1. Tell me yes or no: at least one residue of the range 336-346 is in a helix (DSSP H, G or I), modelled with pLDDT under 85 and of a type in the set (A, V, I, L, M).
2. Tell me, please, whether a residue that is in contact (Cβ under 8 Å) with a residue 40 or more places away in the chain, among the charged types (D, E, K, R), within 30 Å of residue 172 (Cα to Cα) and touching a helix residue (DSSP H, G or I) at 6+ places or on another chain (Cβ under 8 Å) can be found in the range 210-223.
3. Only one of 185, 139, 170 is hydrophobic (A, V, I, L, M, F, W, C), surrounded by 10 or more Cβ atoms within 10 Å (Cβ to Cβ) and not in a helix (DSSP H, G or I). Can you tell me which?
4. Tell me the residue from 471, 429, 450, 454 that is among the β-branched types (Val, Ile, Thr) and under 14 Å from residue 365 (Cα atoms), please.
5. Could you list all residues from the range 226-260 that are surrounded by 16 or more Cβ atoms within 10 Å (Cβ to Cβ) and within 26 Å of residue 359 (Cα to Cα)?
6. Quick one: what pairs do we get from the range 165-190, first residue more than 12 Å from residue 138 (Cβ to Cβ), second modelled with pLDDT of 75 or more and loosely packed, with under 14 Cβ neighbours inside 10 Å, C-beta under 8 Å, 6+ apart or different chains?
7. Select from the range 267-291 the residues that are under 28 Å from residue 413 (Cβ atoms) and out of contact with any Leu (no Cβ under 7 Å at 6 or more places or on another chain) and write down the one among them that is surrounded by the most Cβ atoms within 10 Å (Cβ to Cβ).
8. Looking at 466, 434, which one is farther than 26 Å from residue 256 by Cα and in the same structural domain as residue 375 (by TED's automatic domain parsing)?
Amino acid sequence: MSSREINASSTVPFATLSDRCSEVDSLSSEVSSVVLESDVDLRIYSKRVEEQLRNLESSAVGAYVRSAPNVLGLHKKISACCRTLERMENILANFHRDLGAISSDIQDLQARSMAMNQRLQNRQAVRCELSQFLSDMIVPDSLIQHILLTPVTEQDFIENLHELDHKLNVLANRGVTSYPSCQDVGSLLNKLKIKAVTRVREFLMEKIKTLRKPMSNYQVPQAQLLRFRYFYEFLLLHESDVAGEVRYTYTSTMGKVYFAYFKTYASKLLKLQVDSNQEKDDLVGKKTDDLANCASNTSTAGVPNVLQSPSVALSQASSRPGQFGLGDRAERLLTKEGLQAAILLPHAASKNDAKLSLEEIFRSINYALLDTACREYVFLDDFFLHSFGSPVSKSNDVKTSAQATTSLFDQVFNRTVDALETSVMPQLIHVGQFDLLGLLLCVQLVHSMIHLTIERRVRVLDRYWFGQLDILWGRVVDRMEAHIVSLRVLDTTQFTQAAALHLRIQRGGGISEAAAVVNLSPRAYSLIRPHPVARRYAELAASLHTIGSALSESESFKESVVVTEQTETRVLDSRVLQALSRMHAEFEAVCYRLAKALPRNRLRLVFLINNFDLIISVLSVSPSSY
């Protein structure tokens, strides 16, 4: 029997005896309490109890003997269970040891797996880098064939040029030229680069050379150059000296082309210009028209009633455009369509023996300059890669990029602009210096072109425009001053003598003053009609206001006018308004001087009313009539 079975068999009787002792103690205490409380004799009661105990003992022993087989069977089952449990304990202990070993194996496998994963990642990274490096370093035969033999205009050449550019950048950026494995490849790539640079340079130079052909449309070669602008980028990255040569060749070539074109074009147009020297003496206060025009304005066929409304009497006179009438000159030039119309063709105008006004030639030359400059600026910005965000731009600063493009533009156009500033425009303005309306139209044309350059975002000709404005305004102010001076020094002697001759005061009170006015002779009536000075002044003032309003009514150039908040009246430049104010004061003084020469007060009033009504009538007519 095992120690566990002995311990189990010995444990049961001890537990039973303990229980029995506790029962006996309990019974003794109970018997004692019963005996003490009853009147029974203790000896009798003791014997009775002993008898009961013996009976109980004998019955208990018998029961115990009878249950001995069951107890023995139970003992055997318990022993079998103990052995089974012991075996299970051993199995579980072994299983626990196995689990411990498995856990250790799992931890070991996990550590090995992490190490293998790290090695795999390292190898993959190395493989990726090595594969990319090998791919970059390997020069396939197709690349060599296309760089050497394929025409530069074909897409295969351009694609392989991109590939060559990539390989050269890798070789330069990684600093692997000292590696023995890369020295042969580097030598081959350099040879291919030299060949590619040579072929690209020859192609670009050939395209630039086509720009020199006379009578050629230079926009076609420029469009072809834009298709292959990557060639210049390749040169700029790998052979900056060659790129500089190409850039210099282009700027010098186009500078000569534009200079020759504008010089020839302007010289042909200047030969067709109307000479304004004939208008030198055409001033508001022209002296030769004092009396002759007054007399010629009156027909002997009939004399209107001077007591009728002056507007009715002068309606026909105010509707006829005179020497200071503007006509449609402003409408044809200051609208958006007029400004951007096709430039004049000298050979077409010369065939028709047409003479061109100052503003027509001025618009044609300057619009050709503006349009050409805008196109060239866009081309320079696009082809030479100075625009913002360019892959080869030295700076991402928009201001720096614009300055670089402007520098290239100046290299192309400086000579042309200087020729226009110093020769063409001064000659054009000098010939037309006495055409005040033409000069003012040119001023408004310059403002329109400035706004057009703002719309196109090409502000490279501002210095030229402002220089033209300074010259034009100088001529305008001088011509306005000449008109003012002509009014100030106007000689009224002939008018005074004619008035004294034909409007002598009739003596005798039988005829009223009104009747005397009505019964004037045709020669006398011509003296109280609107003076030619009034007609010229009215036409000039109307023309000046028309020039300002014509520009303001154009939808494209609304910024060029001044609008008051109360009346929304379009006004001219302050210099013109000031000159008009002075001219108006001088004109009033002339009118009063002429009126004083009339002998009767009523004649003076009729004379002043006729002159001022003429001015109102002329200014009330549509500006397009002048």
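The values are calculated or read from the model by the stated rules, or taken from the named source; none is laboratory data. A quick note: this is a predicted structure, and the numbers were derived from the prediction, not measured. Quick reminder, even Gly has a Cβ in these numbers, built from the backbone with ideal geometry, and neighbours come from all protein chains shown.
1. Initially, the range 336-346 is screened for residues in a helix (DSSP H, G or I), giving 336-339, 346.
Then keep just the ones that are modelled with pLDDT under 85; that gives none.
Taking every residue of the range 336-346 in turn, none turns out to be in a helix (DSSP H, G or I), modelled with pLDDT under 85 and of a type in the set (A, V, I, L, M).
2. no
3. 139
4. Exactly one of 471, 429, 450, 454 is among the β-branched types (Val, Ile, Thr) and under 14 Å from residue 365 (Cα atoms), namely 429.
5. Within the range 226-260, 257, 258, 259 qualify.
6. Note: pairs meeting the criteria are 177/183.
7. Here is the first cut: in the range 267-291, the ones under 28 Å from residue 413 (Cβ atoms) are 267-273.
Within this subset, residues satisfying the condition of being out of contact with any Leu (no Cβ under 7 Å at 6 or more places or on another chain) are 267-268, 271.
Details: 267: 13, 268: 15, 271: 11.
Restricting to residues being under 28 Å from residue 413 (Cβ atoms) and out of contact with any Leu (no Cβ under 7 Å at 6 or more places or on another chain), the top hit is 268.
8. Details: 466 fails: farther than 26 Å from residue 256 by Cα.
Criteria check complete, one pass: 434.
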